[in-house]
Structure formats: C-alpha cells, structure tokens
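Student: First the structure, which I've put down as structure tokens, then a few questions once you've had a look.
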Amino acid sequence: MLGRLDFCTDAHKLWRYIYSKHATPLDANVPDTRHPEALQLLLRDKLAHISIAIAQKGTLPVTDTMAQNIGRSFIQRYAYYAQLPDICQRLDALVAQGTALPPPQPYPLDAFPYAIVRHHDTNHEHIHIALGCYGLQGERIEMRPTRYARRLMEVILRQLEREMDLPGMRYSWEIRAEQGKHNSIETWAARQIGGSKGINTLKQAIKDAMAQADSWEQFRNQCQAHGIELIRSDTPDAYGKLAYKYRGIYLKPRQLGEDYGWQAIEQQLERNRTHQRSR
C-alpha cells in the first residue's frame, strides 16, 4: 500500500478527484456529498488530501468494505496523532532515533468533515481521502509546517501495512539518508548558495531583517538590504505562501526551518510592535 501525499485547497480540483465518473463514494461526513458547496466545509482552513494505492493481498480482492475501513482507520489515526501536543517532537525522534509513536487511540469519525472514494481510473486500485483540518466543533488538527503532516501520513500508512500484513515500504527519510541527501534543505540548492556557509549567512540575514522590522513592508525592505528578495502572496489565503530568492535560487521556509516561516515572522513582528509601543 503506497501513499501519494498532497495538500489541496482548490474546491474545483478536489471536486474532480472525489466525484469524477471513475469514483465510487465509500463514506463521507459532509452535509451533501454530491454538491460542490458542501466542500467548503472541508476548506475552512487547509485540507489534507491523500491518495492511497491499495495492494491486493495474494488472491484476495480488495472490496469496498476493505477500502472503506482503510480510509476510516487513516482518518481516525491522523485526527488522534495530529492533536497530540508533542507530535512534532515525537516525529523528529522517529526520524532521528527510530522511536515509535504511541499506539493509536480510537477517535470519533463524526468529529471532522471528510470524504472517502474509491477510484478505478488507473491500472491499480486506489482511494482518495479528503479530510477537513477543522472539526465540526472547532477542533483543529492541521499541522505546521506541512512536512510534519506528510511525515505523519507516511507513519500511519506504514502502521496500516503492518496490520494488514502487506509488504511494507521503507520510510522516505531512511532512503534519503542512505542516498546522502539532507532532509532540511535540498543538496543542489545548498550548493548553489555556497553550501552550509551560504545557508547560515542567509539564515542570519533573515533573522537580522526580522529583528529590525515591525511590519511586512519593513521586513521586505530589510531583506532587500541583505540581498534577499521576499516573495509573499497578498491573496486572502496567503498564510504560508512565502519564499526567499537568494543568489538567484528560490527557497521555501520549510527548507530553512520553522523559524523562517510565515508564522514565526508574524510573531516576531508582533513582538517588535509591542516593544515599540511600550517605549
């Protein structure tokens, strides 16, 4: 069972995934699963979308019930794990030391909006799961940065493989480590900006720019003074739409670390504004 992970906030794109002519609806927890506006419930913030290819076990065919159970188990586990207060630290320990996550606990399926469909438009069976990141009572299960969400999804897929006695895939970070690739920043991009020295110079420049600004406009100007072009979306859903251009190379915040993302910058700017007001 292989996972192909994606994050989708486009209702029309999601509509094509979930309700195409090749789809067989298996389960859903939205008011009207055949109407596009119902998907807005899933899209209140961000939406986790995952496509899972289902491996046939021997000669045993994959039934709709089996596919539905896989989808439900995945949703329950993701909702449980994502709300653990130390889940990011646990996932870091899993990657660095192989420390397993605690056994999953049951989570009520009706707490979050979701949709599960089975697709037969390719030569392999697969299901699509769309999971809203806000619960129906306001609970939030979205994870930042998204690399942790992807990592958690992969961990859950490996759990399900073991429980279904399927040939388990190796973790992607284990494969990357064997190949000598970095998890934090792509090797090619690192070389283009001067290796580890260039990365550290860039990080320090961004930190300096944050320390000297109390607005996004000032932060942009400070970045320019350090030779960094700040690329920020001004659309209403701009949260997280951020990149840096340095020495001709585009870098996303996730490639540098949590301290260089949208939320960290906004928090630092607010601290700077508070300090200015108190003077």
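The values are calculated or read from the model by the stated rules, or taken from the named source; none is laboratory data. Predicted, not measured: the structure shown is a model, and the values here were computed from it. All Cβ positions, glycine included, derive from the backbone under ideal geometry; neighbour counts span all protein chains shown. The protein model used for the area step is the full one, side chains on, heavy atoms only, and it has no ligands, DNA or RNA in it. Shrake-Rupley method; radii C 1.70, N 1.55, O 1.52, S 1.80 Å.
Student: Run the paramagnetic zone check for ASP259: 7 angstrom along Cα to Cβ, then residues of the stretch 202-231 with backbone nitrogen under 11 Å.
Tutor: 203-208
Student: On the full set of protein chains, 1.4 Å probe, figure out the accessible area of ASP214 and give it in Å² to the nearest 10.
Tutor: The value for ASP214 is about 40 Å².
Student: So, taking all protein chains as they sit and a 1.4 Å probe, how much accessible area belongs to HIS128, in Å² rounded to tens?
Tutor: That residue has around 10 Å² of solvent-accessible surface.
Student: Largest first, how would LEU152, LEU101 line up by accessible area (1.4 Å probe)?
Tutor: LEU101, LEU152
Student: Further, regarding this structure: Show me, for the stretch 199-214, the HN-Hα J-couplings you get by feeding each phi into the Karplus relation (A = 6.51, B = -1.76, C = 1.60, θ = phi - 60°), rounded to Hz, glycine and proline as x.
Tutor: Whole-Hz 3J(HN,Hα) from phi for the stretch 199-214: 4, 5, 5, 4, 4, 5, 5, 5, 4, 4, 5, 5, 5, 9, 10, 10.
Student: Follow-up question, since we're still on this one. Rounded to the nearest 0.05, what FRET efficiency do TYR250 and GLN218 give with R0 = 25 Å and r taken as the Cβ-Cβ distance? Could you check? Kindly include the intermediate steps, with their values, before the conclusion.
Tutor: Working: r = 22 Å, r/R0 = 0.89.
About 0.65, to the nearest 0.05.
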